[in-house]
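Report on the following structure.
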Amino acid sequence: MRRRVIAGNWKMYKTLTDTRAFFSSFLPLVAGAKPCDMVVAPPFTAISTAVEAVKGSSIAIAGQNVSWSQEGAFTGEVSAPMLAEAGCRYVIIGHSERRQLFRETDDNVAKKTLMALASGLTPIVCLGETQEDRDAGLTEEVLSRQFSGGPCALTPEEFSRILMAYEPVWAIGTGRTATPEIAAAAHRFLRRCAGEKFSIRHASALRILYGGSVKPDNIRGLMAQEELDGALVGGASLDPESFAALVNFA
Ligand code: PEP
């Protein structure tokens, strides 16, 4: 049985004051229960504040992005050792906003994943097709290309330390969730890719999160699919009550 993960991606929201206020409301709502692995990815500036706020709880903090280099003259970048030192345990890599708005390639994703693993971080590697891809019947081709260009570069041991997130671009921040069946089919396909490249054992241990407009009112249907091992949540992770509802459901 794979343990579920509910991960919140705050994107470019929340100041330090907002971060403290979030956790002081959120922690009591999830206290005691350890229903799933909980992860929150604040903006870089709020990481230390978030790490401090969750001390003593089972909540892990994540970076939203990481450099593919260990250090160097890369203005504006943050390295994996820096994230680890700040207290992060996870990092989101290859989010569709990074791929689309900042031109991140599969090759960048592969390098970032290796860098994150080398620093002991757990990468959450995001993949997903656009609406045009889906309309053109290219979903599996796109997922296969993103899988081959990214996680395929890992050794089997490295692969066993990553999470993947299936995030159809057309469902992110749009209020349009993939149906549980559409999500499960994509997860099954990704698991098949993992089985072909690595092994059946690796494929069945791999945790794949679904992301795309997950809310308290649709989590039940999504989590009824055993292919879905949790959720990567944007909008609904900003509010302590809705994020707690997702965690407590999972
Ligand atoms: C995301 O940013 O990864 C995401 C899934 O966002 P939302 O839940 O708002 O669609």
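Readers should treat all values here as calculations from the given coordinates under stated rules, not as data from a laboratory. Please read all numbers here as calculations on a predicted model, not as lab measurements. As a convention, Cβ positions derive from the backbone with ideal geometry for all residues, glycine included, and neighbour counts pool all protein chains shown.
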Ratio for segment 5-249, C-alpha Rg to 2.2 N^0.38 Å, reads 0.95
Binned at 5 Å starting from 0, the alpha-carbon pair-distance distribution of segment 100-234 in whole percents comes out as 2, 11, 21, 24, 21, 14, 7, 1
Cα-Cα longer than 29 Å, checked against K11/K55; K34/K215; K14/K197; K55/K197; K111/K215; K34/K111, kept in input order, equals K14/K197; K55/K197; K111/K215; K34/K111
The distance between the Cα centres of segment 172-250 and segment 47-87, in whole Å, is 24 Å
Ranking A31, T45, M164 by how far each Cα lies towards the positive end of the charge dipole of the chain (+1 on Lys and Arg Cβ, -1 on Asp and Glu Cβ), the top one is A31
Sorted by chain and then number, the residues having a modelled amide H within less than 5 Å of the amide H of A41, at least 5 places away or on another chain, are G8, N9, W10, A62
Residue-ordered couplings for segment 214-224, obtained by feeding phi - 60° into the Karplus form 6.51 cos²θ - 1.76 cosθ + 1.60 and rounding to whole Hz (Gly and Pro as x), are 6, 9, x, 7, 10, 5, 4, x, 5, 6, 5
In debye to the nearest 20, the charge dipole size for the chain, taken about the Cα centre with +1 at each Lys and Arg Cβ and -1 at each Asp and Glu Cβ, equals 540 debye
In debye to the nearest 20, the charge dipole size for segment 135-187, taken about the Cα centre with +1 at each Lys and Arg Cβ and -1 at each Asp and Glu Cβ, equals 120 debye
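If I take every Cα pair under 8 Å that is 6 or more residues apart in the chain, average their sequence separation and divide by the length, what percent do I get for the relative contact order?
Details: 494 pairs, mean separation 55.3, N = 250.
22 percent.
If I take every Cα pair under 8 Å that is 6 or more residues apart in segment 142-250, average their sequence separation and divide by the length, what percent do I get for the relative contact order? Show your work: numbers first, answer last.
On the way: 146 pairs, mean separation 31.1, N = 109.
Rounded, it is 29 percent for segment 142-250.
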Amide H contacts under 5 Å for V91, restricted to residues at least 5 apart in sequence or on another chain and with H modeled in the peptide plane, are G63, T122, I124
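On alpha carbon coordinates alone, what is the Rg over Rh value for segment 1-53, Rh being the Kirkwood radius?
That ratio equals 1.00.
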Semi-axes (Å, rounded, descending) of the ellipsoid equivalent to segment 195-249 per its C-alpha gyration tensor are 26, 11, 9
Between F249 and R2, Cβ-based FRET efficiency (R0 22 Å, step 0.05) works out to 0.85
Under the 7 Å Cα-to-Cβ spin-label approximation, I200 and D239 lie apart by a distance in nanometres of 4.5 nm
Trypsin sites (Lys or Arg not before Pro) in segment 12-71 lying in a DSSP loop, each with at most 10 other Cβ atoms within 10 Å of its Cβ, come to K55
Simple SL model, points at 7 angstrom along Cα→Cβ for Q100 and K215; separation in nm is 1.9 nm
